[in-house]
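Working notes, structure below.
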């Protein structure tokens with residue numbers, strides 16, 4: 001097993017061990033004190049439903065229903081913990097694997113599958129849940145989140161002293177994206193503008209086949225410090241710790257305290273996408289090491305130990321997840337192919353002579369293939 | 001009417017936009033206290049403050065990327081790229097993000113971002129300061145690509161670009177920044193006879209049409225003047241926009257004259273002139289008396305400044321092309 005793919009626990013914020021024991025942390029334990037049994041069950045449910053969604057999508061790809069799928073398997077703790085820390089008014093900029101965050105925002109997850117089925121490029125209105133479209137060009141959206149945060153500053157919704165008004169942005173990216181110039185530029189712009197943006201880096205150890213050691217010779221969270229941005233590393237498979245550090249960072253951002261860089265140390269349990277084959281570059285032993293640190297299992301142990309959930313509740317959740325799986329399958333199979341001419345729509349918001357001419361030509365061309373009865377009356 | 005330089009006219013247009021819409025903001029390198037290296041934003045930082053006339057870090061991708069974020073929040077950012085040759089660090093943000101956000105969101109998101117680019121040569125500059133990269137952007141669906149040739153257009157078109165719901169690459173012919181012209185500062189850009197994307201007949205003629213934009217419009221007008229002395233009547237079409245391309249106006253002109261010469265500073269090979277020649281050939285095949293000719297840069301990196309006037313499509317090379325077309 002490669003060394004870099006094990007947990008480096010130097011400065012690692014952890015509130016729940018892999019075996020489900022609570023750990024006290026002077027700064028962060030108070031931040032989860034208000035999470036009662038219902039809240040813990042809610043987090044557990046989010047993670048279970050996300051995993052179900054992810055496994056259904058993987059199966060649908062294998063059945064040919066999706067062109068591609070990018071799994072979130074193993075990263076549910078980082079995504080649900082951070083996502084639940086965000087307020088509905090906070091604007092979230094995901095990369096393309098943030099299905100768990102999407103779930104916490106209330107997005108109907110099957111909308112994500114439209115993109116992977118090839119029927120649209122992002123099937124939801126970002127304003128509905130303050131959850132931007134997935135961005136596929138790695139790191140590009142770190143700048144969009146920073147610019148949006150600069151807009152929040154100009155709108156006067158940062159540091160007003162009114163916690164129900166102050167707003168922040170949070171951007172999700174991976175270990176590979178930290179090598180992109182855009183990510184560094186985003187850190188520069190965020191730092192010098194003191195912009196209310198949380199950089200949430202999920203270090204899942206692998207950028208397709210390249211380990212984090214091919215991206216950095218220092219721990220990734222040191223990146224933020226160099227830009228003058230408070231930075232920390234959290235156990236990304238610990239949903240409670242992810243919630244705690246993110247709520248602190250968002251609170252700082254909203255109150256005018258500027259950006260934070262969070263490195264959530266986690267593991268991509270699945271392949272990069274369904275086109276990838278991790279057996280070519282990593283070991284089964286390494287995967288087992290991380291399977292033993294699963295984010296869902298450790299919360300399950302805690303829920304049982306603290307009598308926060310009983311067998312009936314778990315059984316009910318299993319049934320809910322099964323029904324959700326059926327909903328996902330039937331929804332995806334019912335998605336209709338977009339109309340051919342829709343490819344010409346929305347290239348520009350206003351008229352554009354070139355696109356308009358090409359659309360008219362192609363429409364006429366298409367008509368020449370219609371059978372005689374269908375073309376009757378077409379001029 | 002007021003006499004203004006092109007730089008002064010764009011400055012006046014930016015000021016008007018800042019006054020009329022609180023969501024408009026300018027961002028770029030050295031555009032604040034300095035007023036931009038060409039002084040196009042002179043005085044605006046003083047009058048509108050650092051939140052609206054923003055000196056950014058030296059990072060072009062960062063400028064465009066954060067402008068996208070600001071636009072997502074409802075702002076109308078106008079970015080200045082200091083020189084044409086420095087737009088390439090932002091190329092990814094412009095082509096993979098800015099150009100297609102409206103499309104990929106199925107029309108839900110508009111990104112009204114303007115990117116101002118001083119472009120073109122003839123100013124004796126060192127490397128990377130004299131480029132003409134406009135075709136790269138015209139080749140990208142989702143962008144509008146325009147270039148004013150006169151102070152009057154500089155004043156109107158920058159305001160039209162800012163109110164456009166689409167991203168606009170606004171190429172400013174830096175070699176013409178100090179050319180003067182009459183500007184109607186009371187003109188309403190929304191009521192202007194030519195909207196963004198519409199070509200203009202800069203001079204009427206009957207024997208040959210020169211299609212030009214930005215820095216080469218003045219060259220084309222000089223060529224028309226010189227040719228007139230020899231009895232050749234040249235019509236000059238100022239394209240004003242490459243995307244969309246006003247093929248209708250240009251083709252109507254060529255149908256009248258039967259000949260077309262396209263002039264731009266960018267290399268001819270795979271340049272805007274190639275697209276224009278193809279479209280004009282297709283639209284005017286039976287009216288053409290001669291092949292559509294192109295005059296422009298060679299397929300070499302922009303040369304050293306001591307040689308740039310041989311490289312650039314100057315008066316003599318334009319007249320040479322006119323002679324060749326007229327010989328048919």
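FYI, it's all coordinate maths here, none of it is from the lab. The structure displayed is predicted, hence computed values, not measured ones. Backbone-built Cβ (ideal geometry, glycine too); neighbour counts: all protein chains shown.
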Checklist outcome for this item: Once residue A:315 and residue A:365 are pulled to full extension, the length gained, defined as 0.36 nm per residue separation minus their Cα-Cα distance, is 12.3 nm
Item to check | Exercise: per-residue mean of other protein chain Cβ atoms within 10 Å, B:55-65 | outcome: 6
Checklist entry - log₁₀ I(q)/I(0) of the range A:126-181 at q = 0.26, 0.29 Å⁻¹, via Debye over equal Cα point scatterers, no solvent, to two decimals? => result -1.07, -1.18
Checklist outcome for this item: Rounded to the angstrom and largest first, Cα extents along the principal axes for chain A equal 77, 49, 42
Next on the checklist: Going by Cα centres, the range B:179-218 and the range B:5-19 are how many Å apart?
Outcome noted: 17 Å
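For chain B, what does the helix formula give at 222 nm: sum of -39500 (n - 2.57) over DSSP H segments with n ≥ 4, over the residue count, nearest 500 deg cm²/dmol? Present the calculation step by step, with values, prior to reporting the outcome.
On the way: 11 runs with 109 residues, N = 328.
The helix contribution divided over chain B gives -9500 deg cm²/dmol.
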Checklist entry - Over the range B:200-326, with a single point scatterer placed on each C-alpha, what log10 of the ratio I(q)/I(0) does the Debye formula yield at q = 0.09, 0.14, 0.15, 0.21 1/Å? => result -0.22, -0.53, -0.61, -1.19
Next on the checklist: Given a 10 angstrom Cα cut-off, can you work out which residue in A:166, A:307, A:54 is the most mobile in a GNM of chain A?
Outcome noted: A:307
Item to check | Simple spin-label estimate for residue A:358 and residue A:29 in nanometres, 7 Å along Cα-Cβ | outcome: 6.3 nm
Item to check | In nm, spacing of pseudo-spin labels at residue B:270 and residue B:289 (7 Å Cα→C-beta vector) | outcome: 3.5 nm
Checklist entry - Assuming a viscosity of 0.890 mPa s and a temperature of 25 °C, what translational diffusion coefficient in µm² per second does Stokes-Einstein assign to the protein assembly as shown, Rh being the Kirkwood radius over Cα pairs? => result 88 µm²/s
Next on the checklist: For chain A, what does the relative contact order come out to in percent, with C-alpha contacts under 8 Å and a separation of six or more?
Outcome noted: 24 percent
Next on the checklist: What's the ranking of A:101-112, B:254-265 by average number of surrounding C-beta atoms within 10 Å, highest first?
Outcome noted: B:254-265, A:101-112
Next on the checklist: Need one value for B:72-78: mean number of C-beta atoms belonging to other chains within 10 Å of its residues' C-beta atoms.
Outcome noted: 5
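Please arrange A:199, A:344 by how many other C-beta atoms lie within 10 Å of their C-beta, fewest to most. Intermediate results must be reported in sequence, preceding the final value.
Numbers: A:199 30, A:344 15.
Least to most surrounded, the residues fall as A:344, A:199.
Taking a temperature of 25 °C and a viscosity of 0.890 mPa s, what whole-number D in µm²/s does Stokes-Einstein yield for the range A:229-379 with Rh from Kirkwood over alpha carbon pairs? Intermediate values should be presented prior to the final figure.
Working: Rh = 22.3 Å.
The calculation lands on 110 µm²/s.
Looking at the range B:200-326 only, what percent of DSSP beta bridges run antiparallel? Nearest 5 please.
Numbers: 3 of 16 bridges.
Antiparallel bridges: around 20 percent, rounded to the nearest 5.
Sort A:288-295, A:331-338 by the packing proxy (mean of other Cβ within 10 Å over each peptide's residues), most packed first. Display every interim value, and only then the final one.
Working: A:288-295: 17.8, A:331-338: 12.4.
Peptide ranking by packing, descending: A:288-295, A:331-338.
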Checklist outcome for this item: Computed over chain B: longest principal axis from alpha-carbon atoms vs helix B:272-284 long axis, angle to nearest 10 degrees, is 50 degrees
Checklist entry - PRE reach from residue A:125 (point 7 Å along Cα→Cβ): which of the range B:58-88 fall under 20 Å by backbone N? => result B:71-75
Checklist entry - If you bin the C-alpha pair distances of the range B:2-191 every 5 Å from 0, what whole percents do you get? => result 1, 9, 18, 22, 23, 16, 8, 3, 0, 0
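Apply the a/c threshold of 1.5 to the C-alpha gyration tensor of chain B and tell me whether it is rounded, prolate or oblate. Spell out each step's value before the answer.
Working: a/c = 1.70, a/b = 1.63, b/c = 1.04.
The shape class here is prolate.
Out of all DSSP beta bridges in chain B, what portion is antiparallel? Express it as a percent rounded to 5. Let's see the in-between values first.
Values: 9 of 42 bridges.
Of those bridges, close to 20 percent are antiparallel.
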Checklist entry - For residue A:217 and residue B:128, what is the calculated FRET efficiency with R₀ set at 41 Å and r taken between the beta-carbons, to the nearest 0.05? => result 0.80
Next on the checklist: Using a 7 Å offset from the Cα along the Cα-to-Cβ direction at both residue B:320 and residue B:180, what is the distance between the two label points in nm, to one decimal?
Outcome noted: 3.4 nm
Item to check | Highest to lowest packing among B:2-12, A:74-84, scored as the average C-beta count within 10 Å | outcome: A:74-84, B:2-12
Next on the checklist: I'd like the antiparallel share, as a percent to the nearest 5, of DSSP beta bridges with both residues in the range B:2-191.
Outcome noted: 15 percent
Checklist entry - So how far, in whole Å, is the C-alpha centre of the range B:102-119 from the one of the range B:122-141? => result 20 Å
Item to check | Within 10 Å of each Cβ in B:117-129, the average number of Cβ atoms from other chains | outcome: 0
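Using Cα-Cα distances under 8 Å and only pairs 6 or more residues apart, what relative contact order does chain B have, in percent?
Working: 738 pairs, mean separation 51.8, N = 328.
About 16 percent, as a whole number.
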Checklist outcome for this item: As a Kirkwood estimate from alpha-carbon pairs, the range A:89-131 has a hydrodynamic radius in angstrom of 10.5 Å
Checklist outcome for this item: Over chain A, the sum of -39500 (n - 2.57) across DSSP H runs of at least four, divided by residue number and rounded to 500 deg cm²/dmol, gives at 222 nm -13500 deg cm²/dmol
